[in-house]
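Novice: I have a structure here, written as C-alpha cells, and I will follow up with some questions on it.
The values are calculated or read from the model by the stated rules, or taken from the named source; none is laboratory data. All values derive from a computational prediction rather than experimental measurement. Backbone-built Cβ (ideal geometry, glycine too); neighbour counts: all protein chains shown. We work out accessible area using only protein heavy atoms, side chains counted, and drop any ligands, DNA or RNA first. Shrake-Rupley method; radii C 1.70, N 1.55, O 1.52, S 1.80 Å.
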Amino acid sequence: MGRVLKWVNGKKTSEYMAFDNMLTRVNNSCVSDRYIKYAEYDIKICDRWNTRVGGSFENFIEDMGLKPFKEAMLDRIDPLGDYCPENCMWSDRRTSNYNTAISKANKSGRVGVYQETRTGKWVATCRKGGPKIVLYRGDSFEEAVEARVTFEVEEWGEEKMHSEPLDKESK
C-alpha cells in the first residue's frame, strides 16, 4: 500500500479521524469521564498502533486497510477487548450500536436497562445513530427488559439478541 495521507485540504482523512479518536478514547480514559469505561475495562491499544510506544497510523492502515465505504466506523468485535488487528473491523453504525458492552455500573445485567437512582424507575434505552431513545420508563423491571428485547429483535434479529438478564434477586 502506498503512502496514506492523514490530512487532505486541511482536514483529517476519515481513516485518520478514526485512528485519532481511538487514541483519544484510550489514552485519555483516566482523565475524562466521557472515556472512563476504557479505563474500567482496562482496554488497551496494541503496540503496532499505539503512538505512545512507537506504533503508527501507517501500521494501523496496513492492518485495517482503508474504509470499505464512506460511513464505515472503527469497531471492536469484542467490545471489552483491546484495539488490535484481531479484534477490530470497519462496520456500519447499526453493527456498531449492537456491539455494545454492558456498563460495570449497570446492575440489571441487561444492556440498555437500568434503574434510576433518584426515582427507582426502570428504564430501557437504545440508540439508532443519534441521541439515546427511551423505550420504557416505569416500575416494572420485566417490562423494561421486554421493551429492550423487542427493540433488539426488530433491529438486529433474534440471533443477535443480547444475553438474558440476571435473576432479579441477584441485583
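Novice: Ala101 is checked against (1) closer than 24 Å to Lys67 by Cβ; (2) open to solvent by 40 Å² or more (accessible area, probe 1.4 Å); (3) at pLDDT below 65 and fails just one. What number does that condition carry?
Specialist: So Ala101 meets the others, but not (2).
Novice: Now a separate question. Can you tell me how many residues within segment 72-84 are surrounded by fewer than 18 Cβ atoms within 10 Å (Cβ to Cβ), of a type in the set (A, V, I, L, M, F, W, C) and part of a loop (DSSP other than H, G, I, E, B)?
Specialist: The total comes to 3.
Novice: Output the residues belonging to segment 39-66 that are outside any loop (DSSP other than H, G, I, E, B) and of a type in the set (D, E, K, R).
Specialist: Glu40, Arg52, Glu58, Glu62, Asp63
Novice: Of all residues in segment 132-156 being modelled with pLDDT under 90 and basic (Lys, Arg), which is surrounded by the most Cβ atoms within 10 Å (Cβ to Cβ)?
Specialist: Filtering segment 132-156 for residues that are modelled with pLDDT under 90 and basic (Lys, Arg), the one surrounded by the most Cβ atoms within 10 Å (Cβ to Cβ) comes out as Arg148.
Novice: Could you grab the pairs with beta carbons closer than 6 Å, sequence gap of 6+ or different chains, first residue in segment 36-56 and free of Cβ contacts under 8 Å to residues at least 24 places away in the same chain, second one open to solvent by 40 Å² or more (accessible area, probe 1.4 Å) and outside any loop (DSSP other than H, G, I, E, B)?
Specialist: Tyr38/Arg25; Asp47/Val53
Novice: For segment 39-62, does any single residue satisfy the condition of being open to solvent by 40 Å² or more (accessible area, probe 1.4 Å), closer than 27 Å to Glu155 by Cα and either among the charged types (D, E, K, R) or modelled with pLDDT of 95 or more (or both)?
Specialist: No, because not a single residue in segment 39-62 is open to solvent by 40 Å² or more (accessible area, probe 1.4 Å), closer than 27 Å to Glu155 by Cα and either among the charged types (D, E, K, R) or modelled with pLDDT of 95 or more (or both).
Novice: May I pose another question? So is Asn87 at pLDDT 90 or above and surrounded by 14 or more Cβ atoms within 10 Å (Cβ to Cβ) or not?
Specialist: In short, yes.
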